[in-house]
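A short worksheet on the structure shown next.
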Amino acid sequence: MQGLLQYVVNGLILGGIIGLTAIGLTLVYGILRLANFAHGDYLTIGAYLAYLYSVTLGMSMPAAFAAAIASSAAMAVAIDRMVWRPMRRRRAGLIPLLITSIGVAFVLRNLVILLWGNAIRTYGYVVEEGMEIYGLRITAVQLWILVSVFLLMFLVHYLLTYTRLGKAMRAAADNTDLAEVSGIDVEGVITRTWLIAAALACTGGIMLGLDTHIKPIMGWSLLLPIFAAVILGGIGNPYGAIAGGMIIGMSQELSVIVIPAHYKPAVSFAIMIAILFLRPEGLFGRR
Amino acid sequence: MRILTVEDLVSGYRDVDILKGLSLHIEEGEIVAIIGPNGAGKSTLMKTVFGLIRPRSGRIVFRDRDIAGLKPDRIVRLGMGYVPQRDNVFPSLTVLENLEMGAFIIEDRRELERSLQRVYELLPVLERRSRERARNLSGGEQQMLAIGRAMMLEPALLLLDEPSAGLAPALVDSVFDRIREISSGGTAVAIVEQNARKALAMADRGYVLDMGRTRFEGRGEELLDNEEVKRLYLGG
């Protein structure tokens, strides 16, 4: 029983990281119709920037993380200006955008390898034994991750539901032309969407780096579960992405009860294929 | 006083010119019906005036300002509203949120509240259904919402692209009644219509477009009585 609960905790953490990152992917898709294959590498860059600030430059963890989040967000906007905006102006379609995003992913990943090498790194904090709560072992970092994930998800919900920007983001996702016609500065909304998407991806990268370690391939390998979460929840739907992330993370962690642990990644693949067959619009999408 | 002047407008998609030197004008407060066969360029005219399509040449002057090439979100700020023919509401947003988007440029909460009350008075059905998502509204209600959204900023000129498309006859009359009411409030209305007789009957003036140019121009009833217009565009 406690073993099972331990898997649930692990699942919540992985699911939270996937869900958090998936929110950005799905928001960007909703407004730009861009299935961004570089999104996982935005996460990697975020994790390495945090490494740069905290380990290399010796900043305190909170300051380093804040700086990494800000830099990642700036990078996402810079990439938008260099790549996505010119393509947008030419009204590029789904396939050219998708292939370009794979190119961006390669560039970012190899940039990380060039700067930091292929070695596995950690943020270098001392791994604690972890405290026992009703027989459940959880480290302070894991607890911090769980709390932050839920806090951030609530913040995203609040932003989308109640703020002017959030409503404009939903309106632009529904119909970009009509949003412009209504007086919404869609380019401004797109910039802010990138800021939020990259900030969340960076946070996901830091969390993953704290929970395990950082390596250049970390984001790329998480991309499949992230996409699975997005598709599961209905592409373009941020609440779906959160739920999808939780389901994928939980299934991966719980799968080790019945199948060998190294098949974990196959679980999200299986779920994605199943959902594409049975309900391609996603669990919460509309036909 | 002229509120809109379009001169020698050339516009279209990719390599194809749809408008080939079109000219027309709209006076303050009047209702102008723009009719013509399919492909005459009626919707292209609306989209070009509102900045969704960049004109290749020609002038679009709104209240003494050349707006050709300006983006839609700038044009809204100058006092023009636009109701597209299709996809003219945000389906996943509630009625209230749709209206709020129509007044996106208003940041003052009280001012927004006043705009809402004004639109609710004009279109009471929207107040009754304010918490409903737009996709759950009937076709007629969606059309009312689309008009309400465009009226949130009390535009000086409202462009309507086929407001009666796909509506039952009884609803068409009710939409036209609302348009008259909007006009009597001082807003100039330019209306593109398939339903040409009804539109001309309501309008102060009308234009008949054909092949991307203005073919006839005149007072509404003049055009309704014109033999050639009748034969060619009103089905005899």
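Data table
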quantity	calculated
Residue B:90 being aromatic (Phe, Trp, Tyr), touching a residue at least 40 places away in the same chain (Cβ under 8 Å) and either on the phi > 0 side of the Ramachandran plot or outside any strand (DSSP E or B) (or both)	yes
Hits in segment B:75-104 (condition: more than 9 Å from chain A (Cβ to nearest Cβ) and farther than 20 Å from residue B:134 by Cβ)	B:78, B:79, B:80
Total residues in segment A:153-174, condition surrounded by fewer than 20 Cβ atoms within 10 Å (Cβ to Cβ) and either facing another protein chain (nearest Cβ under 7 Å) or among the basic types (Lys, Arg) (or both)	1
Residue in segment B:58-70 that is in contact (Cβ under 8 Å) with a residue 40 or more places away in the chain, basic (Lys, Arg) and farther than 25 Å from residue A:30 by Cα present	yes
Flag if residue A:97 is over 22 Å from residue A:204 (Cβ atoms), under 20 Å from the mean Cα position of the chain (by Cα) and touching a residue at least 24 places away in the same chain (Cβ under 8 Å)	yes
Residue list for segment B:73-87, restricted to those being under 21 Å from residue B:22 (Cβ atoms) and at pLDDT below 95	B:85
Residue within segment A:239-247 that is within 14 Å of another protein chain (Cβ to nearest Cβ) and assigned to a helix (DSSP H, G or I) present	yes
Which numbered condition residue A:91 fails, given (1) of a type in the set (D, E, K, R); (2) modelled with pLDDT of 95 or more; (3) at positive phi	(2)
Qualifying residues in segment A:185-222 (those that are within 14 Å of chain B (Cβ to nearest Cβ) and in contact with an Asp or Glu (Cβ under 6 Å, 6 or more places away or on another chain)) - the one surrounded by the most Cβ atoms within 10 Å (Cβ to Cβ)	A:186
Considering residues of segment A:175-184 that are of a type in the set (Val, Ile, Thr) and within 7 Å of another protein chain (Cβ to nearest Cβ) only, the residue nearest to the chain's Cα centre (by Cα)	A:184
Which numbered condition residue A:119 misses (of (1) within 23 Å of residue A:31 (Cβ to Cβ); (2) among the hydrophobic types (A, V, I, L, M, F, W, C); (3) part of a loop (DSSP other than H, G, I, E, B); (4) touching a residue at least 12 places away in the same chain (Cβ under 8 Å))	(1)
Near pairs, Cβ below 7 angstrom, 6+ apart or cross-chain, from segment A:260-287 (basic (Lys, Arg)) to any residue that is surrounded by 13 or more Cβ atoms within 10 Å (Cβ to Cβ)	A:264/A:252; A:264/A:255; A:264/A:256; A:287/A:281
Looking only at segment B:137-164, and only at residues there that are more than 14 Å from the chain's Cα centre (by Cα) and in a helix (DSSP H, G or I), the one that is nearest to the other protein chains (Cβ to nearest Cβ)	B:142
Filtered residues of segment B:106-135 (kept if within 13 Å of chain A (Cβ to nearest Cβ) and part of a helix (DSSP H, G or I))	B:109, B:112, B:115, B:134, B:135
Tally, over segment B:97-136, of residues that are among the aliphatic types (A, V, I, L, M) and more than 21 Å from the chain's Cα centre (by Cα)	2
From the options B:134, B:188, B:196, residue that is of a type in the set (Gly, Ala, Ser), closer than 19 Å to residue B:49 by Cβ and surrounded by 17 or more Cβ atoms within 10 Å (Cβ to Cβ)	B:188
Criterion (assigned to a helix (DSSP H, G or I), modelled with pLDDT of 95 or more and in contact with a Leu (Cβ under 8 Å, 6 or more places away or on another chain)) met by exactly one of A:188, A:219	A:219
Subset of segment B:155-212 that is of a type in the set (Asp, Glu) and out of contact with any helix residue (DSSP H, G or I) (no Cβ under 7 Å at 6 or more places or on another chain) - its residue that is nearest to residue B:140 (Cα to Cα)	B:173
Selection from segment B:49-69 of residues that are on the phi < 0 side of the Ramachandran plot, assigned to a loop (DSSP other than H, G, I, E, B) and within 16 Å of the chain's Cα centre (by Cα)	B:50, B:52, B:53
Helices (runs of 4 or more DSSP H) contained in segment B:189-236 and holding at least 2 residues touching a strand residue (DSSP E or B) at 6+ places or on another chain (Cβ under 7 Å) and at pLDDT 90 or above	B:196-202
Any hit, segment B:9-30, residues being among the aromatic types (Phe, Trp, Tyr), over 14 Å from the mean Cα position of the chain (by Cα), in a strand (DSSP E or B) and surrounded by fewer than 16 Cβ atoms within 10 Å (Cβ to Cβ)	yes
Given (1) of a type outside the set (Val, Ile, Thr); (2) over 24 Å from residue A:231 (Cβ atoms); (3) touching a Cys at 6+ places or on another chain (Cβ under 6 Å), number of the condition residue A:46 does not satisfy	(2)
Residue check for residue A:197: under 26 Å from residue A:45 (Cβ atoms), at pLDDT 95 or above, of a type in the set (A, V, I, L, M) and out of contact with any Ser or Thr (no Cβ under 7 Å at 6 or more places or on another chain)	yes
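Here's the yes/no breakdown for (1) surrounded by 11 or more Cβ atoms within 10 Å (Cβ to Cβ); (2) over 25 Å from residue B:14 (Cβ atoms); (3) touching a strand residue (DSSP E or B) at 6+ places or on another chain (Cβ under 8 Å):
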| site | (1), (2), (3) |
| --- | --- |
| A:86 | yes, no, no |
| A:113 | yes, yes, no |
| A:138 | yes, yes, yes |
| A:144 | yes, yes, no |
| A:149 | yes, yes, no |
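The values are calculated or read from the model by the stated rules, or taken from the named source; none is laboratory data. Predicted model only: the values in this text are computed from it and were never measured. Cβ atoms come from the backbone with ideal geometry, glycine included; neighbour counts cover every protein chain shown.
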